[in-house]
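What follows is a set of notes on a single structure, which appears directly below.
The values are calculated or read from the model by the stated rules, or taken from the named source; none is laboratory data. Not measured: the values here are computed from a predicted model. Here Cβ is always computed from backbone atoms with ideal geometry, including for glycine, and neighbour counts include all displayed protein chains. Note: accessible area is taken over every heavy atom of the protein model, side chains too, but ligands, DNA and RNA are not part of it. Shrake-Rupley method; radii C 1.70, N 1.55, O 1.52, S 1.80 Å.
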Amino acid sequence: MKQKKQMLAILIVLLIMFNSSMCFAYWATYIESANGSSSTTLSIGDWIVVPPGSIVVTEEVLVDLLMGELPLDGDYVLTGDVDLTDYAENDFEPITNFSGSFEGNGFSIGGFEIVNTNADPNVEIGIFLNVGTEGEISNINISDVTVVQNDGSAGNNTNETSYVGVLVGNNEGTISNVQIIGSSITGGNQVSSGVFGSSTTKLYAGGLVGRNSGSIRNSYARVNVTLNSSLSTSFLGNSTGDIYVGGLVGFNEGEISQSYATGNVSSIVDTSAGFLSSTSVNTYTGGLVGYNANGGYVHHVFSTGSIHVSVDTNSGSRYIGLVVGRNEGTTTNLYRLNGSTITCNQSYTVYNNQTTVTTLNNLQSATYLNNNLLFDFNDIWLEVPSDYPILKD
């Protein structure tokens, strides 16, 4: 009898502890507050305990954030996948001036289209238009997102600057453990000069980020980037363009490490010159990064896609690299897939410094990537048979 009572008491204690922990996890998962901050979440089995002050991201919450109805310096946490397939692209606007944190916990966001039809000469395009120096985005999967830079000016602007990325248009913050699959970037800029006038265009586009001055690590993009831009001039006018395109980042002046890109990159520029007028176009195209500027640091990365560049004027310069297109910063430990190709209708300059050509088997091998590119397969990366590595959940 005594033993039965003891066993019953133990069962009661266990039930109380189990119910208490479940209730706490439930409460912590759904708590929402405008105050406080957090830097991490805690998983208990299938439950995710969200620190007080964080905002749990549901489908409705994400749409509200996209609509600008929630604080841009808040701490946001995904506790499940979010599919926005049922929302039309005009139901929301991308997130702008983000300075908070967005913790994905390995969950996915996807199933939607971002189309820019704004005739504004200065635009940023992505799920996040721009991320400030204090902003952090981590542990998130992006899938089936289409980004279109559909120049609403129809060529009527004389000056345009665009930052285009699936995740972020212009990043100054920290991006880590982000994977983008099944997505694409298309479109381009259109500018035209009037009689005796001038026009300029700058386009920064990448499968993850258009322009980066922050930090990107342990991230990858399987994104095809296809840009088509145009410059035209009238009588005695002139037009100039600078086009930066990369499979991961178009223009980098921050740090990129332990990351890769597999998509093909295409940069096409059409020009039209009036009587006694001129056009000049500089293109910077890379399988991973189009242009690594002074102060930029790209290391322990690889790319596998091919590059196509077509510009119908021979005025200007073409810089191309199967990893980095042009480098004025620092690069080390760049790897590319043997067999990737470059096609260009003009003479061009190739950047191959610090670049190792290797096989498909090597770039799909955990041992090779760990030894040569320092990919962490204990805590971050997962080896996939006959495929490139993915991030662990």
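Worth pointing out:
- Simple spin-label estimate for residue 370 and residue 134 in nanometres, 7 Å along Cα-Cβ: 3.9
- Only Lys, Arg (+1) and Asp, Glu (-1) charged, at Cβ; segment 156-272 dipole about Cα centre in debye: 200
- The packing ranking of peptides 171-178, 210-217, 376-383, highest mean first, is 210-217, 171-178, 376-383, where packing means the average number of other beta carbon atoms within 10 angstrom of each residue.
- A straight chain from residue 73 to residue 346 at 0.36 nm per residue would run longer than the Cα-Cα distance by 93.7 nm.
- Fraction of accessible area attributable to carbon and sulfur, segment 72-199 (%, probe 1.4 Å): 40
- Sequentially through segment 283-297, phi angles give Karplus couplings (6.51, -1.76, 1.60; θ = phi - 60°) of 10, 10, 10, x, x, 10, 10, x, 9, 9, 7, 4, x, x, 9 Hz, Gly and Pro residues having no value and appearing as x.
- Between amide H atoms placed 1.01 Å from N, distances below 5 Å from residue 317 occur with 281, 282, 283, all of them 5 or more places distant or on a separate chain.
- Span from the segment 54-127 Cα centroid across to the segment 139-217 one, whole angstrom: 16
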